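Heads up: the structure comes next, in structure tokens.
The values are calculated or read from the model by the stated rules, or taken from the named source; none is laboratory data. Keep in mind that this is a model prediction, so the values were computed, not measured. Backbone-built Cβ (ideal geometry, glycine too); neighbour counts: all protein chains shown.
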Amino acid sequence: MAEVNCVPYDVINAAEASQLAEGKPLSLLHVDRAEIDLPAGTDPYSAAVYEKAHDNFSALQGKGVLVREIHPVLYVYRQIMGDHVQTGIAGVCHVEDYDADLIKKHEKTRKDKEDDRTRLIDTIGATTGPVFLTHRQSPEIDQIVNKVVEGTPWFDFIAPEGIRHIVWKVKNAVPLEQAFAQLPFAYIADGHHRAASAARVARMRRERNPAHTGEEDYNWFLCVLFPAPQLKILPYNRLVLDLNGLSPVDFLAKAKEVFRLTENAAPEPTSSRNVSLYLGKKWYGLSWDADPKADPVSLLDVSVLQDRLLAPVLGIADPRTSKRIDFVGGARGTKELIRRVDSGECAAAFSMYPTTVQQMMDIADVGQIMPPKSTWFEPKLRSGFFIHTLE
């Protein structure tokens, strides 16, 4: 199990995947990023990659590395990162709940990324990476989970990055199923592309199956559901490659027109409605008052920064497509921001206060979409502990 499981496919590039899988022929990266087993320079979206993924996945099953459960089962999955602990339920959710928005979204998907996972899932006949879901706290679910974790774990593993992963099998899943049935909604925290791709595959297979009933395995996708109060969101920081022709002095003057600007600020903001700007080897504080008339999306710190400074002053109209902005997950800290600005690679950096889980759910509840790179959930769900086959 320790050799099979791996980091999520979408947090690493091909070179990093190849390095992580080196000397580990059983790593699921040989399925999730099968281009690492083909000649350098192979198009990651070529037919050969998906065929190789299929062959590698079949080989893992043929060797008995991946073992199929005889009966449907749920698992309790706990992650421990330092003093942070989050415990969720690993299982499957129905794509009709996704399509009916009972599983709420807060992010748009990119077509190329969705096409890639759709083709992979359909080719290998499985979802290998779980969708990270959250739900409002349920005392009934908590009580059941607390009882399960009193037992002996099925698996207990510390990953190379220091995160501890513990898994228990749930002997009687019925009480949990009944407790989850009482929840009105679940929310995608991370994994919008995985969920959208699984739903697409289900629709494709329905069209190919004249005897479709809705109970086929392809109607379900792999997920882990965590109670919202347990989740940890880190900031998603911004870097800009240039100041749009402005000198540092002129840029600061423009920033002062739309924000309260202070010098010698802390590198990490301690509350919302504050951003720390790193420019010219100095930290500046940008702060503002909340707009009581603003909608949930406009209230986000990342939205205020985008709408007041990045777009009108720096000319970065669409951060999804602009090549003049980059994003750094908070797990890498402000040292990475300082390094990239001081090296001359970037002109300035913005250290953000993290978006809250409540903000994410509020936005999803009203059917709105969060700006790109608004949340960075940590720890990430590793792939390879659980796999859901479609047939």
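Test LEU120 against the stated conditions and say whether it is within 14 Å of the chain's Cα centre (by Cα) and buried (at least 18 other Cβ atoms within 10 Å of the Cβ). Here the answer is no, as LEU120 does not meet what is asked.
With a requirement of 2 or more residues that are touching a residue at least 40 places away in the same chain (Cβ under 8 Å) and not hydrophobic (A, V, I, L, M, F, W, C), the strands (runs of 3 or more DSSP E) lying completely within the stretch 61-177 that satisfy it span 74-81, 84-94, 131-135, 164-170. Residues being assigned to a loop (DSSP other than H, G, I, E, B), over 15 Å from PRO354 (Cα atoms), free of Cβ contacts under 8 Å to residues at least 12 places away in the same chain and among the aliphatic types (A, V, I, L, M) are represented in the stretch 287-300 by at least one member.
Looking across the stretch 321-377, the residues that are outside any loop (DSSP other than H, G, I, E, B), closer than 28 Å to ASP112 by Cβ, of a type in the set (Val, Ile, Thr) and under 18 Å from the mean Cα position of the chain (by Cα) come down to VAL328, ILE363.
State all residues of the stretch 231-279 that are within 25 Å of the chain's Cα centre (by Cα) and of a type in the set (Ser, Thr, Tyr); if no residue qualifies, say none. Passing the criteria: TYR236, THR270, SER271, SER272, SER276.
The condition (being polar (S, T, N, Q) and at pLDDT 95 or above) is satisfied by just one residue among THR152, THR109: THR152. Within the stretch 207-227, the set of residues being more than 18 Å from ARG382 (Cα to Cα) and of a type in the set (Phe, Trp, Tyr) comprises TYR218, TRP220. For the stretch 216-251, a residue qualifies if it is in contact with a Phe, Trp or Tyr (Cβ under 7 Å, 6 or more places away or on another chain), outside any loop (DSSP other than H, G, I, E, B) and hydrophobic (A, V, I, L, M, F, W, C), and the qualifying residues are LEU222, VAL224, ILE233, LEU234. Within the stretch 56-77, if we keep just the residues that are crowded, with 19+ Cβ neighbours inside 10 Å and either of a type outside the set (A, V, I, L, M) or within 17 Å of the chain's Cα centre (by Cα) (or both), the residue that is farthest from MET361 (Cα to Cα) turns out to be ASN56.
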